Structures are given as structure tokens and as C-alpha cells.
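A short write-up of the structure that comes next.
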Amino acid sequence: TGDYFSIADAVVVMDAFSPRDATADAKALAGDPPPMPADAFRATPRTPKPGVPDGRTGCKALSSFQYGDNNDCDVSGVEQLVEVGQTRACCAAIIHAAKQRHASVASLLDALDGLDLDAIQPAGRRDGDLSRPRRYEVAAALNRL
């Protein structure tokens, strides 16, 4: 189909096993491209909603954690999480971030990079059961909420 002819940089036709430049013919066939919406590539800021969610939060398995009563976060597709302590740390980091009100995911991750693991645990808890995930795993877990 010619759906992308109008925006293609080059169109190559294979004719009897020989490549031939057909960009001009394709552009003439396609006509002008449709106008691009003004907000087509604008990213929406993504951060956890301020405040800790209602209900249970926590992690008991490598592949998931609970963030509120109705939100089980499945991180089984995040292959870089290899130890349940990393999943616990992702959950704790997201809860910590929700309390801090960061303007963006980037500022949240920058702030978490500078914190000790004990600093992101709930007040009064120092279990030593967290393992440091990379910022990319925290972002992946946040993306799955």
C-alpha cells in the first residue's frame, strides 16, 4: 500500500532484482501529507498521584507488587528484576515518590538515585530486605501501574 509514500524520504522499487529510485513517482501518487496534529508528539507528564494509595501496599513476589487495594502491578515482563528485594525496592520507591510530589518521572528518578535504600522504606522500618534496582527498573514498574 502507499500509506506512507507522502512522508517517505526515499522509495525504492525492486524491478527484476534491480533497485530503482521511485521517490518522485511515489510522492506524485500520494499527494500532500495530511496535517500533523499540534500535540501529536507531546508526552504527558507521568508521576504517581500524590499521597499513598488507600489499602495495602507491599511486595511478596519477584513478579508483582500491590499498590493499593485495586492495583496489582505485574512486573514479570521486567527481566532485569532478578531478586524479590529489587521488586520490594521498586514498590517502596514509588510509595516514597508519591509522598514527595515530583514534577516528572525524570526528577523522581534523579531524587531516588541520591537516596539510601533505608530512606525509601516506610517510617520505622529498616528490614534490610531491599536490593537496589536501577532507575530503569523503577521507571518500568511505574509504567505498569
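Hey, rough spin-label estimate for residue 14 and residue 106, points 7 angstrom out along Cα→Cβ, what's it come to in nanometres?
Output for this residue pair reads 4.2 nm.
How much mean residue ellipticity at 222 nm does the chain get from its helices, if each DSSP H run of length 4 or more adds -39500 (n - 2.57) and you divide by all residues, to the nearest 500 deg cm²/dmol?
Result for the chain: -9500 deg cm²/dmol, rounded to the nearest 500.
Hey, what did the chain get for relative contact order, percent, Cα under 8 Å, at least 6 apart?
On the way: 193 pairs, mean separation 30.2, N = 145.
Computed value for the chain: 21 percent relative contact order.
Say a paramagnetic label sat at a point 7 Å from the Cα of residue 60, along Cα to Cβ; which residues of region 74-113 have their backbone N under 19 Å from it?
Those under the cut-off are 74-76, 83-92.
Along the principal axes of its C-alpha atoms, what lengths does region 76-145 span, in descending order and rounded to whole Å?
Largest first, region 76-145 extends 29, 28, 20 Å along its Cα principal axes.
What part of the accessible area of the chain, given as a whole %, is carbon or sulfur when the probe is 1.4 angstrom? Don't skip to the answer; put the middle values down first.
Numbers: 5010 of 9730 Å².
The computed percentage sits at 52.
Using the Karplus equation 6.51 cos²θ - 1.76 cosθ + 1.60 (θ = phi - 60°), what ³J(HN,Hα) coupling, rounded to whole Hz, does each residue of region 3-10 give in order, writing x for Gly and Pro?
4, 10, 4, 5, 10, 6, 6, 8
The values are calculated or read from the model by the stated rules, or taken from the named source; none is laboratory data. All of these numbers come straight from a predicted model, not from anything done at the bench. Glycine gets a Cβ as well: all are built from the backbone with ideal geometry, and neighbour counts include every protein chain shown. Heavy atoms of the whole protein, side chains included, go into the accessibility calculation; ligands, DNA and RNA do not. Shrake-Rupley method; radii C 1.70, N 1.55, O 1.52, S 1.80 Å.
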